[in-house]
Amino acid sequence: MAKVSKWSEKLFGTPLFEPLVAFSYLFPLIYLAIFLIVPVVTMLLIAFSYEGTPSLHWFKNILSSSYYVQFPPQGDFVNKQITATGETVYLLRGIDFGVIVNSLLVSGIVTILASLLGTIFAFVMARYDFRGKNFFRIALFVPLLVTPFVNAYVIKRMFIEYGIVNYILHDILHLLPFRIKVDGLVGVAIAQAMAYYPIVYLNAYASFINIDPTLEEQAENLGSKSLHLFRTVTFPLALPGIAAGATLVFIFSLEDLAAPIVFHGDPLAKKLMSFQIYSKFLGEFGERSPEIAALSIIMLALAILAFLGIRKYVSLRQYAMLSKGGRWKPRVSKPKPWQAVLIYALLLPMLLFTIFPQIGVVMLSLAKQWSVTVLPNGLTLNWIKEMIIKPEVRSAIINSLTYAGAAVIMIILLAVTSSYAAGRFKGALSPVLESIVILPMAVPGIVVAMGYFYLFSSLFPNTILDPISINFNPALVLIIAYSIRRLPFAARSVFAGLQQVHVSLEEASMNLGASRWKTISGVLLPLISLNVFGGAMLSFVYSMSETSTSITLGALVTERQPMTAYMADVMMSGVGSVHVVAALGLLLIIVQIIAIVLVNMITKQRYSFIGLT
């Protein structure tokens, strides 16, 4: 008995072996091991095998191929074109360094742009009180409304020869003596930066408002002012949040499929790892391609290196405050005249520019057409009616709601058990559990999809779980994929709720004779129910808009495909109306707004943060 007690305390952090505590540890660990670690290991075995023996053959082939790594690069960053009317157009599309280097360059540029925009907006919103601030606060959330494919399509339309950018800069303001057009890698980078910078903003804003003002006041008393104060005190203290957001942006950019699919008309946009894995999967369907597995492993390695590298860098620096709990009043002041000019003359146009894609989605879903005009023209509800009436579209909507709803049930169970075990007990498994729960953020969705393809086709041949079989039903596979991919959002919310509930409340319940289960169900869960609800709502909306796994595994059976698979099919094939796709984007926007409003109203939280810290 003493050995069991010692073993239990070492592993689970409690001297008495309790099945419920053990379940809270083991269930999420086993679930994540089977459906996250094992698929990756399966790909590793395929990628590192050649003619039945362990080998680096496929990796050598990829890294030695000029298609994947190309030095010197080919192509011109800018190409001059002359239109039929004799006007000069400069096409910005990027330079071809090969698939792998292209992906790293695009992700790096997107991360830098998103970090600059996000940090600037966060600092202004956290430190200045100015007229129109509430508009800024609301508008900064607009780019977070995920509309896969459609927002990238709107951005592409913004930068065509006669799009809104040229209309404003060339036709009205005459700031450009020529027209510009973006495509290829440049178009992908702009679309991703405009979509992802609010992630940095949310994390940076949280860091800025949590800085102890006495630290900055002491620096000012010692003579530090303005830019020097920001560089030496404010920015270093906010760095953990900024780095967390930047890491997520890098990973999201690396795995993004929506922007490359929209810009795939330019061959250069196809030379990104995510698109290559996706297109090779479609082209070599039915084959366990070692090249796809090797390329997926390279993408996974880059994402995890970025994830671990930023966390390690942040952990090596000191960010301690003099006091804890954020009970101070944040430093907020009225902007000086020159600062107000910058806010209204530079930041306001920039903000309006970055929210236009979502506005464009709404306009496109309600417009009769959008061909050669600057903006969509006409007004109609036909596309929304078609979305409801058209059988394949209606089926896709129902499928998405079903898959996301079922996934949320599993996500809640995983989030509650993992957060309870990691937050309340400090056994040897606690750090392992904390790491593995957050790990899905670092694993690109396309890698998860490929891992499931290889795993399920091996373990369950000729069944509904075998993607190669004619009997394949993607429902269960997608539910599992969503539950893994979107778990971190709910887990973070539940863990935050647990931190706000003092453990003495549970101890008092158990001291009065209540069992562990009675204490959890009767005391703890009611106290954190709002956090559970908030995490569940966020996980639901992100599952609805999940792209990578949906357009690969979910698209294999047309009548079972989710919304995003239908949207990708229209964008890739050109069969169907982009206006109907925009209507689906509008539906996603409405669902997300409802979820955000409910979460903010019920949980009384002003912001829901996405990050790693």
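The values are calculated or read from the model by the stated rules, or taken from the named source; none is laboratory data. Just so we're clear, the structure is a prediction, and the values are computed from it rather than from any experiment. Backbone-built Cβ (ideal geometry, glycine too); neighbour counts: all protein chains shown.
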Practice problem: Would you mind finding the one in Ile298, Ile277 that is surrounded by fewer than 24 Cβ atoms within 10 Å (Cβ to Cβ), within 30 Å of Asp466 (Cβ to Cβ) and β-branched (Val, Ile, Thr)? | Solution: Ile298
Practice problem: Would you please name the residue that is surrounded by the most Cβ atoms within 10 Å (Cβ to Cβ), looking only at residues in the stretch 45-89 that are free of Cβ contacts under 8 Å to residues at least 24 places away in the same chain and among the aliphatic types (A, V, I, L, M)? | Solution: Leu45
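Looking at the stretch 232-262, which of its residues are charged (D, E, K, R) and in a helix (DSSP H, G or I)? If you could, list the steps in order and put the result at the bottom.
Filtering the stretch 232-262 down to residues charged (D, E, K, R) leaves 255-256.
Within the stretch 232-262, just Glu255 meets the criteria.
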Quiz prompt | Criterion: crowded, with 24+ Cβ neighbours inside 10 Å, among the acidic types (Asp, Glu) and in contact with a Leu (Cβ under 9 Å, 6 or more places away or on another chain) - qualifying residue of Glu506, Glu546 | solution = Glu546
Exercise. Only residues that are surrounded by 24 or more Cβ atoms within 10 Å (Cβ to Cβ) and in contact with a Gly (Cβ under 8 Å, 6 or more places away or on another chain): list them for the stretch 404-418, please.
Key: Ile411, Ala415
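Does Met567 count as out of contact with any Pro (no Cβ under 8 Å at 6 or more places or on another chain) and either at pLDDT below 80 or in a helix (DSSP H, G or I) (or both)? Working first, answer last.
On the way: out of contact with any Pro (no Cβ under 8 Å at 6 or more places or on another chain): no; either at pLDDT below 80 or in a helix (DSSP H, G or I) (or both): yes.
Spelling it out, it is not the case that Met567 is out of contact with any Pro (no Cβ under 8 Å at 6 or more places or on another chain) and either at pLDDT below 80 or in a helix (DSSP H, G or I) (or both).
Given the residues Ser539, Ser529, Ser504, which is the only one that is part of a helix (DSSP H, G or I) and touching a residue at least 40 places away in the same chain (Cβ under 8 Å)? Let's see the steps before the verdict.
Numbers: Ser529 fails: touching a residue at least 40 places away in the same chain (Cβ under 8 Å); Ser504 fails: touching a residue at least 40 places away in the same chain (Cβ under 8 Å).
Every option except Ser539 fails the conditions.
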Exercise. May I ask you to list the residues in the stretch 177-186 that are surrounded by fewer than 21 Cβ atoms within 10 Å (Cβ to Cβ) and of a type in the set (A, V, I, L, M, F, W, C)?
Key: Phe178, Ile180
Quiz item: Quick one: what pairs do we get from the stretch 552-572, first residue under 11 Å from Pro148 (Cβ atoms), second surrounded by 24 or more Cβ atoms within 10 Å (Cβ to Cβ) and of a type in the set (Asp, Glu), C-beta under 8 Å, 6+ apart or different chains?
Solution: Pro562/Glu546; Thr564/Glu546
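If we only count helices (runs of 4 or more DSSP H) wholly inside the stretch 352-442, which ones have 1 or more residues that are under 21 Å from the mean Cα position of the chain (by Cα)? It would help to see each step written out before you state the result.
On the way: elements: 382-389, 391-424, 430-438.
Output list reads 391-424, 430-438.
Part of a helix (DSSP H, G or I), in contact (Cβ under 8 Å) with a residue 40 or more places away in the chain and surrounded by fewer than 23 Cβ atoms within 10 Å (Cβ to Cβ): does that describe Gly118? It would help to see each step written out before you state the result.
Numbers: part of a helix (DSSP H, G or I): yes; in contact (Cβ under 8 Å) with a residue 40 or more places away in the chain: yes; surrounded by fewer than 23 Cβ atoms within 10 Å (Cβ to Cβ): no.
For Gly118, the condition - part of a helix (DSSP H, G or I), in contact (Cβ under 8 Å) with a residue 40 or more places away in the chain and surrounded by fewer than 23 Cβ atoms within 10 Å (Cβ to Cβ) - is not met.
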Quiz item: What pairs come up if the first residue lies in the stretch 454-478 and is surrounded by fewer than 20 Cβ atoms within 10 Å (Cβ to Cβ) and of a type in the set (D, E, K, R), the second is part of a loop (DSSP other than H, G, I, E, B) and modelled with pLDDT under 90, and their beta carbons are under 8 Å apart, counting only those six or more places apart or on different chains?
Solution: Asp466/Phe460
Quiz item: Of the residues that make up the stretch 29-37, is at least one closer than 25 Å to Ile411 by Cα, modelled with pLDDT under 90, crowded, with 18+ Cβ neighbours inside 10 Å and out of contact with any strand residue (DSSP E or B) (no Cβ under 8 Å at 6 or more places or on another chain)?
Solution: no
Exercise. Using the structure shown, decide if Leu348 is part of a helix (DSSP H, G or I) and of a type outside the set (Ser, Thr, Tyr).
Key: yes
Quiz item: Do we have any residue at all in the stretch 77-100 that's among the small types (Gly, Ala, Ser) and assigned to a helix (DSSP H, G or I)?
Solution: no
Quiz prompt | Filter result (modelled with pLDDT under 90 and of a type outside the set (Gly, Ala, Ser)) within the stretch 265-295 | solution = Lys280, Phe281, Leu282, Glu284, Phe285, Glu287, Arg288, Pro290, Glu291, Ile292
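Can you give me the number of residues within the stretch 221-231 that are surrounded by 13 or more Cβ atoms within 10 Å (Cβ to Cβ) and either touching a residue at least 24 places away in the same chain (Cβ under 8 Å) or in a helix (DSSP H, G or I) (or both)?
Here is the first cut: in the stretch 221-231, the residues surrounded by 13 or more Cβ atoms within 10 Å (Cβ to Cβ) are 224, 229-230.
Within this subset, residues satisfying the condition of being either touching a residue at least 24 places away in the same chain (Cβ under 8 Å) or in a helix (DSSP H, G or I) (or both) are 229-230.
Going through the stretch 221-231 one residue at a time, the tally reaches 2.
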Quiz item: Which of the residues spanning the stretch 149-176 are in a loop (DSSP other than H, G, I, E, B), touching a residue at least 40 places away in the same chain (Cβ under 8 Å) and surrounded by fewer than 20 Cβ atoms within 10 Å (Cβ to Cβ)?
Solution: Glu161, Tyr162
Quiz prompt | Index of the failed condition, Pro444 passing every other in (1) surrounded by fewer than 24 Cβ atoms within 10 Å (Cβ to Cβ); (2) under 25 Å from Glu291 (Cβ atoms) | solution = (1)
Self-check item: Residue in the stretch 333-389 that is modelled with the lowest pLDDT, counting only those that are surrounded by 11 or more Cβ atoms within 10 Å (Cβ to Cβ) and aromatic (Phe, Trp, Tyr)
Solution: Trp370
